[in-house]
Amino acid sequence: MNHVVLYQPEIPQNTGNIMRTCVAINARLHLIKPLGFSLEEKYLKRAAANYLEHLDYRVHDSIEAFFAAEAGTYYFLSRYGLKSPDELDVSAPSSDVYFFFGSESTGIPKAILKPHLDRCFRLPMSTHIRSLNLANTVAIVMYEVMRQQDYPGLSKKEPEIYKGADYLLK
């Protein structure tokens with residue numbers, strides 16, 4: 001299974017968009033405290049639209065609690081990473097695979113990244129910006145992961161389910 005891990009996310013709208021992405025790709029979401037927002041349903045419902053009931057997520061009190069509870073292969077997105085997502089081979093994972101993304105203002109701390117330097121990666125981009133929006137970054141990375149895995153469990157060639165396969169032909 002693919003997992004998205006948000007380390008101390010701060011902006012509820014970003015987390016809501018990431019929740020929607022996780023539902024779309026059947027990934028489990030992990031939120032590591034402290035969070036910059038409330039997890040009360042009335043706040044999340046607006047950000048995650050109508051998809052919250054389909055979201056598989058867990059909340060961890062700290063990074064230490066996360067590592068104690070979750071085992072698998074870890075990858076960390078950092079602007080200091082030396083690989084791009086296409087260089088990761090996640091095409092046939094033998095265990096759960098966790099993709100870590102840092103908080104909007106500070107990223108993932110160096111102390112967490114340092115023991116995993118060989119599993120740090122970044123998105124290539126121009127020198128004019130420091131980073132992309134967190135929700136956009138998660139979507140880009142996770143759809144690269146899904147592409148490498150040939151979109152398991154997703155409707156890739158099946159007809160569009162809401163308006164029908166011949167919608168554009170009408």
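So that you can scan it fast, the table gives a plain yes or no per residue for (1) over 15 Å from the mean Cα position of the chain (by Cα); (2) of a type in the set (Val, Ile, Thr); (3) over 21 Å from residue 136 (Cβ atoms):
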| site | (1), (2), (3) |
| --- | --- |
| 18 | no, yes, no |
| 25 | no, yes, no |
| 31 | no, no, no |
| 53 | yes, no, yes |
| 61 | yes, no, yes |
| 91 | yes, no, yes |
| 100 | no, no, no |
| 104 | no, no, no |
| 108 | no, yes, no |
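Among the residues making up segment 116-129, a single one is assigned to a loop (DSSP other than H, G, I, E, B), in contact (Cβ under 8 Å) with a residue 24 or more places away in the chain and surrounded by fewer than 16 Cβ atoms within 10 Å (Cβ to Cβ): 124. Looking at this structure, is residue 90 part of a helix (DSSP H, G or I) and either in contact with a Pro (Cβ under 6 Å, 6 or more places away or on another chain) or at pLDDT below 95 (or both)? Taking the combined requirement at face value, the residue does not satisfy it.
Checked against (1) touching a helix residue (DSSP H, G or I) at 6+ places or on another chain (Cβ under 9 Å); (2) part of a loop (DSSP other than H, G, I, E, B); (3) surrounded by 11 or more Cβ atoms within 10 Å (Cβ to Cβ), residue 144 passes all but condition (2). None of 113, 132 is modelled with pLDDT of 95 or more and either part of a loop (DSSP other than H, G, I, E, B) or not acidic (Asp, Glu) (or both) except 113.
Might you let me know whether segment 51-67 holds any residue that is touching a residue at least 60 places away in the same chain (Cβ under 8 Å) and farther than 15 Å from residue 18 by Cβ? Checked segment 51-67: at least one residue is touching a residue at least 60 places away in the same chain (Cβ under 8 Å) and farther than 15 Å from residue 18 by Cβ.
The values are calculated or read from the model by the stated rules, or taken from the named source; none is laboratory data. Keep in mind that this is a model prediction, so the values were computed, not measured. Counting neighbours? That spans all protein chains shown, and the Cβs are built from the backbone with ideal geometry, glycine included.
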